[in-house]
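Trainee: Starting off with a structure, shown below.
The values are calculated or read from the model by the stated rules, or taken from the named source; none is laboratory data. Just so it is clear, the structure is predicted and the values come from calculations on it, not from any experiment. We place every Cβ from the backbone using ideal geometry, glycine too, and count neighbours over all the protein chains shown.
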Amino acid sequence: MVELAPNTSKYRCFYFMSPKEALQILGGYYRCPRKMLPDGTEQFLGPLVLYTSQDEDGKRHVGFEYVDCTVLVPKTPALHAIVERLYSDIIRLPYKQRPRALLCGIPTGGKILTEEMKFRNLHPSENHLSLLEETRGRREKQFVFTPGSRLPEAGDEIVVVEDVCNTFSSTIKAIKLVEGCGARVTMVSCFLNRSSPTREVIEVDGRKIPVRALWTEPMPVYRQDDPHVRGLIKIGGIVGNPKAKWGRLVRIMREYSA
């Protein structure tokens, strides 16, 4: 276990609450309010949100929940508590392994987490890989190593770190990049695993890699033509950029929770 830094009251508060509670307090969690009708069906009282993941036709998925990890501001008690727990409870590298195991944060949320681990001296700063995301064409995104950063070598063991895991498409791209250098990814560690159904293992080129998370909760995604959401989309009940419209989403939740 990691030895905890001197505690402040705010640090202690965030350290001992659940990750979901922390996001709710910080204003980073939206769930579409709903009520049950007499016929047993649900009536949705707020909008859907648009996700970045896409279906086979290139249309973006939608859903009823959204997690905004940008509320985890670097060098604050909340993020301090979360990276302490992520490193000590989830990654849990044996002491003899820590000097040589590498942490690779996937842009941008995973990089924020690993940079905070570096800042808090939880892991040697020289054993962090840095990736950049670059866009190729309209939809395709690829990862490259940050110019001048440390590159993985044959025999290196790597833990890939993300903030939110869903379809694992970005995760698999990052794994293939680092393993293409001869290294071996031993684990995917994340703040939230929201895959539905929950995936605790992913397979990359025939090899199974465990996924461990501080917070695991299935949050289903839907095609835009799915009967479950099609009617809501038809009447404009969808927010295309949740972060830009966050104030509206928060007001809707408060209105129906009162």
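Trainee: Which of (1) over 19 Å from Thr52 (Cβ atoms); (2) surrounded by fewer than 20 Cβ atoms within 10 Å (Cβ to Cβ) does Glu116 not meet, given it meets every other one?
Mentor: The single condition Glu116 does not satisfy is (2).
Trainee: Mind telling me which of the residues Gly105, Gly40, Gly109, Gly58 ends up being on the phi > 0 side of the Ramachandran plot and touching a residue at least 40 places away in the same chain (Cβ under 8 Å)? Reasoning before the result, please.
Mentor: Working: Gly105 fails: on the phi > 0 side of the Ramachandran plot; Gly40 fails: touching a residue at least 40 places away in the same chain (Cβ under 8 Å); Gly109 fails: on the phi > 0 side of the Ramachandran plot.
It is Gly58.
Trainee: Scan segment 203-214 and tell me whether some residue there is touching a helix residue (DSSP H, G or I) at 6+ places or on another chain (Cβ under 8 Å) and over 25 Å from Ala174 (Cα atoms).
Mentor: No: segment 203-214 contains no residue that is touching a helix residue (DSSP H, G or I) at 6+ places or on another chain (Cβ under 8 Å) and over 25 Å from Ala174 (Cα atoms).
Trainee: In this structure, is Tyr51 hydroxyl-bearing (Ser, Thr, Tyr) and at pLDDT 90 or above? If you could, list the steps in order and put the result at the bottom.
Mentor: Values: hydroxyl-bearing (Ser, Thr, Tyr): yes; at pLDDT 90 or above: yes.
Yes; evaluated as a whole, the condition is true for this residue.
Trainee: Another question about this same structure. Just to be sure I understand, how many residues within segment 133-165 are within 28 Å of Gly58 (Cα to Cα), within 18 Å of the chain's Cα centre (by Cα) and at pLDDT 90 or above?
Mentor: Taking segment 133-165 first, the residues within 28 Å of Gly58 (Cα to Cα) are 133-145, 160-165.
Right, trim to within 18 Å of the chain's Cα centre (by Cα) and you get 133, 141-143, 160-165.
The next check asks that each one be at pLDDT 90 or above; those that pass are 143, 160-165.
The number of residues fulfilling the criteria is 7.
Trainee: Next question, about the same structure. All but one of (1) touching a His at 6+ places or on another chain (Cβ under 9 Å); (2) surrounded by 22 or more Cβ atoms within 10 Å (Cβ to Cβ); (3) of a type outside the set (Gly, Ala, Ser) hold for Gln54; state the number of the condition that does not hold.
Mentor: Looking at each condition in turn, Gln54 falls short on (2).
Trainee: Tell me, please, whether a residue that is in contact (Cβ under 8 Å) with a residue 12 or more places away in the chain, more than 23 Å from Glu126 (Cα to Cα) and surrounded by 14 or more Cβ atoms within 10 Å (Cβ to Cβ) can be found in segment 146-155.
Mentor: no
Trainee: If you don't mind, there's one more thing I want to ask. Please go through segment 208-250 and give me each residue that is surrounded by fewer than 12 Cβ atoms within 10 Å (Cβ to Cβ) and assigned to a helix (DSSP H, G or I), ordered by number.
Mentor: Result: Pro227, Gly231, Lys234, Gly247.
Trainee: From the set of residues in segment 35-48 that are of a type in the set (A, V, I, L, M) and modelled with pLDDT under 90, which is nearest to the chain's Cα centre (by Cα)? Before you say what the answer is, go through the steps one by one.
Mentor: Here is the first cut: in segment 35-48, the ones of a type in the set (A, V, I, L, M) are 36-37, 45, 48.
Next cut, modelled with pLDDT under 90 only: 36-37.
On the way: Met36: 30, Leu37: 33 Å.
Ranking the qualifying residues of segment 35-48, first place goes to Met36.
Trainee: Tell me whether segment 216-230 contains one or more residues that are touching a Phe, Trp or Tyr at 6+ places or on another chain (Cβ under 7 Å), within 23 Å of Thr70 (Cβ to Cβ) and touching a residue at least 24 places away in the same chain (Cβ under 8 Å).
Mentor: Yes; the residues of segment 216-230 include at least one that is touching a Phe, Trp or Tyr at 6+ places or on another chain (Cβ under 7 Å), within 23 Å of Thr70 (Cβ to Cβ) and touching a residue at least 24 places away in the same chain (Cβ under 8 Å).
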